[in-house]
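Single-structure report; data block below.
The values are calculated or read from the model by the stated rules, or taken from the named source; none is laboratory data. Keep in mind the model is a prediction, meaning the values are calculated, not measured. Every residue, glycine as well, gets a Cβ built from its backbone with ideal geometry; the counts of neighbours run over all protein chains shown. Just so you know, the surface numbers come from the protein's heavy atoms only, side chains and all, with ligands and any DNA or RNA stripped out. Shrake-Rupley method; radii C 1.70, N 1.55, O 1.52, S 1.80 Å.
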Amino acid sequence: MLTGVGVGPGDPELLTLRAVRVLREADAVFVPVMDRPAAEGDAPPGRAEATVAAHVAADRLRRLPFALDDRGGVTARRERAWDDAARAVVAAIDAGARSVAFATIGDPNVYSTFGYLAHGVRALRPAVEVRTVPGVTAMQELAARSGVPLCEGREPLTLLPATAGLAPVADALAGPGTVVVYKGWRRHPELLDELRRQDRLGDAVLGRALGLPDERIGPVDDDADDLPYLSTLLVRARRDRRGGKL
């Protein structure tokens, strides 16, 4: 069995009891790392690895290199990493591992590498059972830390990656609900301009490095020099009175 385990945005205290149990009971625990150079044994751990290491002995963790910084779509490098990772998991299963866990930041069913890994494993071993353990997402953590209810009454909640372009973000901002944008990074100036154009800057909060020691949560500004790829932008729905959207 292969289980994708959501380990939250970075704070080890945000793992569910089920996630901790599955990770501790697994015969093999894999964690994603950058294919260069973080796959090397002496490289610092990635976010998922550092989170899991608070609950599982470090010598039980195995690194799976992925092209995490590749922004070119389905490139040869990215496909090679997916295939190699699937073969590594299958090798562990063939060697006798009855339970294999893969730790992924956030939730394994929300913009996660786990889906690509599971696809590759199923292609090689169709009989392998695949499960997931849900995890706390960055938008939930940012909502909790900033005191912003994500949705009320009849409001929609829209989650978008900035990598999809500005048009869907602009459409969502013009709507009646809360909008969350992941992976702002290089598109931060465009997002900032759109927030100003729609007079939504005052409704927005930006989370940098959520759950990590250098975490920053606050208003959206022009400073994008240190904005990480995994940043989270939350734009609250406009609400004029309590229960107004019921």
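Worth pointing out:
- Mean accessible surface per residue for the chain, computed with a 1.4 Å probe while every protein chain stays in place, in Å²: 50 Å²
- Ratio Rg/Rh, restricted to region 1-140 and using Cα atoms, in which Rh is the Kirkwood radius: 0.93
- Percent of Cα-Cα distances greater than 16 Å, calculated over region 134-203: 51 percent
- Simple spin-label estimate for Ala58 and Arg242 in nanometres, 7 Å along Cα-Cβ: 5.0 nm
- Pairwise label distance in nanometres, Arg131 with Ala167, each label 7 Å out on the Cα-Cβ vector: 4.2 nm
- Rg/Rh ratio calculated on Cα atoms of region 70-181 (Kirkwood radius): 1.07
- Arg197 versus Asp221: modelled label distance in nm, points set 7 Å from Cα along the beta carbon direction: 2.5 nm
- Over region 177-246, the fraction of Cα-Cα pairs per 5 Å bin, rounded to whole percents and listed from the shortest bin up, is 4, 15, 28, 23, 14, 8, 6, 2, 0.
- Taking a ≥ b ≥ c as the square roots of the eigenvalues of the alpha-carbon gyration tensor, region 48-96 is classed oblate because a/c is 1.5 or more while a/b is no larger than b/c.
- Kirkwood estimate for the chain, i.e. one over the average of 1/r between Cα atoms, Å: 19.1 Å
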